[in-house]
Amino acid sequence: MSYDFSERIQRVEPSATLAISNLAAEKEAEGADVVDLSVGAPDFPTPENVTEAGKAAMDAGHTGYTSTNGVPGLKEAIADKLRDGGVDAEADEVIVTPGAKQALYEVVQTLVDEGDEVVLLDPAWVSYEAQVKLAGGDLNRVDLAPHGFQLEPALDDLAAAVSEDTELLIVNSPSNPTGAVYTDAALEGVRDLAVEHDVAVISDEIYERISYGVEPTSLASLDGMADRTVTVNGFSKAYSMTGWRLGYLHATEEFVSEAGKLHSHSVSCATNFVQRAGIEALENTEEAVVEMREAFRGRRDLLIDLFEEHGVDVAVPDGAFYMMLPVDADDEAWCEAAIEQANVATVPGSAFNAPGYARISYAASEDRLREAVERLADADLI
Ligand SMILES: Cc1ncc(COP(=O)(O)O)c(C=O)c1O
């Protein structure tokens, strides 16, 4: 038979970043030596004590369902962490999810109706658009590219975009794909607009532990933001736990009770022993987190220098492990050439609504980064 697919599912495309990673994997399977700079995952192992905590939890029989919103110990540890960041949080205001992506999905489904307007800051992570479209929302996009990917100089553009019609604004700092960390003045500008127009805000803080010389501010810690911000975070990036699938959202108890309905009817709960490993990650990984961050910082500096040597000026990212390389106007053709001619995998900026750029992930060793730049130069792509 031929299925009658929902109109909803036909509104979205598969994830572009995963599509490139799959292409790189295919080339590798054919024997090619691909430098894969397309991945959104740290290239470090999960800290050993976290893995051990997960195994111990499994051995101790923590293999059944947990309470829907998460085990109390993890929700407490998350609330503690949020309080350390200046957010007034209680354990009952947390939903633990299988990955931050699921948390974002639940938030968008909880807030956005057909025809509701959602404001995105471009370049924006690929799944925001898809999640808003799945909910039937309309996108209104503000382009940060002309402002060096920073929000503060784009506040007038944001003010022109946000109105009484806006339901939700999504902010992601440090940003995927640009690595930009928004200034306090920028976030205060967001706050002023959100309060003035009574808009809810998602603050996606998944890269918050990976920043260089600047401390990202939690939007929910600003005056006036506590009851209109949903903070989303997760374990994938800071603790190199992408495959464990663990994340969370924090908002008011009223919000949590509404979103909890979707959570309970879809995922039931995050994996029990993974949640227990999450407590260890939050409480005992400071050294490992700093080590990974410093490795990322060294790679960022190296790449900026290497591109500069080839005359390419890249906006220096203050966080995450990505940068946006200016390439041909047809960035998709450029990325295709990069993988076909140089065996270097990157993601076209168009996937993030930023044509003319390629996203470089520096979750790769310094040797591989050097190799990638050399290959791109040899193929006359930079
Ligand atoms: C900006 C951003 N938010 C959320 C996620 C989702 O992370 P996870 O579902 O692995 O926790 C990612 C992963 O790439 C991301 O880049």
Query - segment 206-243 versus segment 85-147: alpha-carbon centroid distance in Å - result: 14 Å
Report summary line: Taking only the alpha carbons of segment 64-283, the radius of gyration and the largest Cα-Cα distance, Dmax, both in angstrom, are 16.3, 51
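I'd like the Kirkwood hydrodynamic radius of the chain, using the inverse of the mean 1/r over distinct C-alpha pairs, in Å.
For the chain, the Kirkwood estimate is 21.4 Å.
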Query raised in the report: Tell me, what is the percent relative contact order of segment 288-365, built from C-alpha pairs under 8 Å that lie six or more residues apart?
Result: 28 percent
Report summary line: Quick calc, the chain, dipole around Cα centre from Cβ unit charges on Lys, Arg (+) and Asp, Glu (-), nearest 20 debye, gives 1120 debye
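Could you list the GluC sites (Glu not before Pro) in segment 25-104 that lie in coil according to DSSP, counting only those with at most 15 other Cβ atoms within 10 Å of their Cβ? Intermediate results must be reported in sequence, preceding the final value.
Values: sites: GLU26, GLU28, GLU30, GLU48, GLU52, GLU76, GLU90, GLU93; in loops: GLU30, GLU90.
Taking segment 25-104 and a limit of 15 other Cβ atoms within 10 Å, the loop GluC sites (Glu not before Pro) found are GLU30, GLU90.
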Query - Which of TYR239, TYR128, ASN140, positive extreme of dipole for segment 64-283 (C-beta unit charges) - result: TYR239
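Between rounded, prolate and oblate, where does segment 47-120 land on the alpha carbon gyration tensor, with a ≥ b ≥ c its root eigenvalues, rounded for a/c under 1.5, else prolate if a/b exceeds b/c?
Details: a/c = 2.34, a/b = 1.73, b/c = 1.36.
Note, shape of segment 47-120 comes out prolate.
Can you tell me the relative contact order of segment 1-135? Whole percent, Cα pairs under 8 Å, sequence separation 6 or more.
Values: 66 pairs, mean separation 40.3, N = 135.
Here the relative contact order equals 30 percent.
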Report summary line: Least to most buried among HIS265, HIS250, HIS62, by other C-beta atoms within 10 Å and fewest first, runs HIS265, HIS62, HIS250
Requested in this report: Using the Kyte-Doolittle scale, find the helices of the chain whose mean hydropathy is at least -0.5 and whose Cα atoms extend 30 Å or more along the helix's long axis, counting only whole DSSP H runs.
Outcome: 286-309
Query raised in the report: Let a ≥ b ≥ c be the square roots of the eigenvalues of the Cα gyration tensor of segment 231-373; is it rounded (a/c under 1.5), or, if not, prolate (a/b larger than b/c) or oblate?
Result: prolate
**Report entry** Exceeding the 21 Å Cα-Cα cut-off - candidates LYS75/LYS133; LYS27/LYS101; LYS101/LYS261; LYS55/LYS81; LYS237/LYS261; LYS27/LYS133
**Finding:** LYS75/LYS133; LYS27/LYS101; LYS55/LYS81; LYS237/LYS261; LYS27/LYS133
Requested in this report: With just the Cα atoms of segment 77-138, tell me how far they stretch along each of the three principal axes, in Å, largest first.
Outcome: 36, 23, 20
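Give, rounded to the nearest 20 debye, the magnitude of the charge dipole that segment 1-97 has about its Cα centre when Lys and Arg contribute +1 at Cβ and Asp and Glu contribute -1 at Cβ.
Details: 7 positive and 19 negative charges, 46 e Å.
Once rounded to the nearest 20, the dipole reads 220 debye.
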Query raised in the report: Dipole of segment 64-283, Cα-centred, from +1 at each Lys and Arg C-beta and -1 at each Asp and Glu C-beta, to the nearest 20 debye?
Result: 1280 debye
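Just check segment 306-382 against the gyration tensor rule for me: Cα atoms, a ≥ b ≥ c as the square roots of the eigenvalues, rounded for a/c under 1.5, and otherwise prolate or oblate depending on whether a/b exceeds b/c. Walk me through the numbers before you get to the answer.
Details: a/c = 1.38, a/b = 1.04, b/c = 1.33.
Verdict is rounded for segment 306-382.
Values in this text are rule-based calculations from the coordinates and carry no lab data. Predicted model, so just to flag it, every value in this text is computed and none were measured. With ideal geometry, Cβ positions are generated from the backbone for all residues, glycine too; neighbour counts draw on all protein chains shown.
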